[in-house]
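**Student:** Mind having a look at this structure? Questions to follow.
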Amino acid sequence: MMVRAFDEMLAELAERRHEFREQRYVSKDFVARLKRLGLYRVATPQRFGGLAMAPADFLRQVERISVVDGSTGWVASFGSLLIYLGSLPLETQAELYADGPDVVLAGALLPIQRATPTERGFLVNGRWKFASGCMAADIVCVGIPGGDGDGGGVGRPRGALVRPDRLEIVPDWDVVGMRGTGSFDIVAKDVEVDREWTFVRGGEPVIDEPLFRYPAISYAAQSLSVVSAGVARAALDFAERVGSGRASNTGAPKLAERAYYRAGIAEAEAKLRSARAYFYEAADEAWQAIVDGGQVSDERNAHLRLSAAYLARTSSEVVHQVVSLSGAAAIYNDHPLPALLGDALVPQEHAFLSPAMYDAAGAVLMGQPATIPAFR
């Protein structure tokens, strides 16, 4: 029944993705449908009714959604971010999940904004960028000073959890890719947050369950990266389905009758499938280490980060390759490929998936400290 429900959700998404792109966010009723499928309880602790799903299983679900619409895949991927909240006091978590395990978290950690200490916690003021999914969020995380590792800066900021009705959403998201993610700005004006509702990103969890031994920041990076794989799959599916049936306006052979097109698409297939294989292999190996009663070693974590960064960049290259092979038709706004090209650009630009991950992973694999903060 759940398989059929998931397929029906994808069919509805295919009908509504243009709606989401035009309004620049995924509608709340559709996010509610994702909730009913369990996508926002995959990282809820089991003690509070969560599924505690193996990361690779969740990532495959996000990838399938992203094949239909990258923006919705991006919003769904935030189901994994509840793993961050494992470091909250148990009493706070119990209150957070009091109405059920399905909680939509939107994050707007950066730039770090000022917070004045109070007797209860912090008085928060400021404006934050990129609050993806905030239009349907149950709770929003904003970044304040006080994290560890680098004095509360970019590496491990402190997150303050705020109900969305206490914040202002500024709908200024005007971008070439992932237009439907609703990654609007968030503004707080004299919002007091109790200390118990703050946490350090990637901080030590207070819950001892298998999923909370999986590196939280690495899981977040994987969840964003896999969206790009779905977008690249959509581009290749389009090329292979339509390329053989579309004749040139100039009377030249159909695309699939041209050797360069066949060879180029085949090469792109090999690139994407190879990057995916490494990505899921790293996820499966890390999870198996936990299931076997161990921990995710620094080396395995390096492969999680490296494979995620590599998949995002390879997926973007694949979509660019498909576009470059597709002829003049792909320059029109009503053609499917320009939107996929924009969507493929975005994940690789995220700080978690930047080229700096290659250097950091290489350092760890050679027995050196990671060259960036918050590598796991």
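**Student:** Report, to the nearest whole %, how much of the accessible area of the stretch 152-240 belongs to carbon and sulfur atoms, 1.4 Å probe, protein only.
**Tutor:** 48
**Student:** What percent does the relative contact order of the chain come to when contacts are Cα pairs within less than 8 Å and at least six residues apart?
**Tutor:** After rounding, I find 17 percent.
**Student:** Rounded, prolate or oblate for the stretch 11-134? Axes are the square roots of the Cα gyration tensor eigenvalues, ordered a ≥ b ≥ c, and the cut-off for rounded is a/c under 1.5.
**Tutor:** Values: a/c = 2.30, a/b = 1.34, b/c = 1.71.
Verdict is oblate for the stretch 11-134.
**Student:** Here's another thing I want to ask about it. Less than 12 Å Cβ to Cβ from residue 176, Lys/Arg counted +1 and Asp/Glu -1: what total charge do the surrounding residues give?
**Tutor:** -1
**Student:** Still on this structure, I have one more. With a ≥ b ≥ c the root eigenvalues of the C-alpha gyration tensor of the stretch 68-181, is it rounded (a/c under 1.5), prolate (a/b larger than b/c) or oblate?
**Tutor:** oblate
**Student:** Report the relative contact order of the stretch 1-107, percent, no decimals, based on alpha-carbon pairs under 8 angstrom and at least 6 residues apart. Intermediate values should be presented prior to the final figure.
**Tutor:** Details: 104 pairs, mean separation 31.4, N = 107.
Relative contact order comes out at 29 percent.
**Student:** Let me ask something else. With a/c under 1.5 counting as rounded, go ahead and sort the stretch 227-363 into rounded, prolate or oblate using the C-alpha gyration tensor (a ≥ b ≥ c being the square roots of the eigenvalues; past the cut-off, prolate if a/b is larger than b/c, else oblate).
**Tutor:** Prolate shape, in that a/c is at least 1.5 and a/b is the bigger ratio.
**Student:** Additional query: I want to check the label-to-label distance for residue 172 and residue 359. Put each point 7 Å from Cα in the C-beta direction and report it in nm to one decimal.
**Tutor:** 3.0
**Student:** Arrange the residues 103, 176 by how much accessible surface each exposes, largest first, with a 1.4 angstrom probe.
**Tutor:** 176, 103
**Student:** Looking only at 312, 360, 259, which one moves most when the chain is put into a Gaussian network model with springs between Cα atoms under 10 Å?
**Tutor:** Of 312, 360, 259, the most mobile in the Gaussian network model is 259.
**Student:** Tell me the accessible surface of residue 53 in square angstrom (1.4 angstrom probe, heavy atoms of protein chains only), to the nearest ten.
**Tutor:** Here the accessible area works out near 40 Å².
**Student:** Additional query: Which value, in debye to the nearest 20, describes the size of the charge dipole of the chain about its Cα centre when Lys and Arg Cβ atoms bear +1, Asp and Glu Cβ atoms bear -1, and nothing else is charged?
**Tutor:** That gives the chain a dipole magnitude of about 660 debye.
**Student:** For the stretch 260-376, calculate the relative contact order in percent as a whole number, restricting contacts to Cα pairs under 8 Å that are 6 or more residues apart.
**Tutor:** Here the relative contact order equals 28 percent.
The values are calculated or read from the model by the stated rules, or taken from the named source; none is laboratory data. As the structure is a prediction and not an experimental result, all values here were calculated from the model. All Cβ positions, glycine included, derive from the backbone under ideal geometry; neighbour counts span all protein chains shown. Surface accessibility is based on the protein's heavy atoms, side chains included, excluding ligands, DNA and RNA. Shrake-Rupley method; radii C 1.70, N 1.55, O 1.52, S 1.80 Å.
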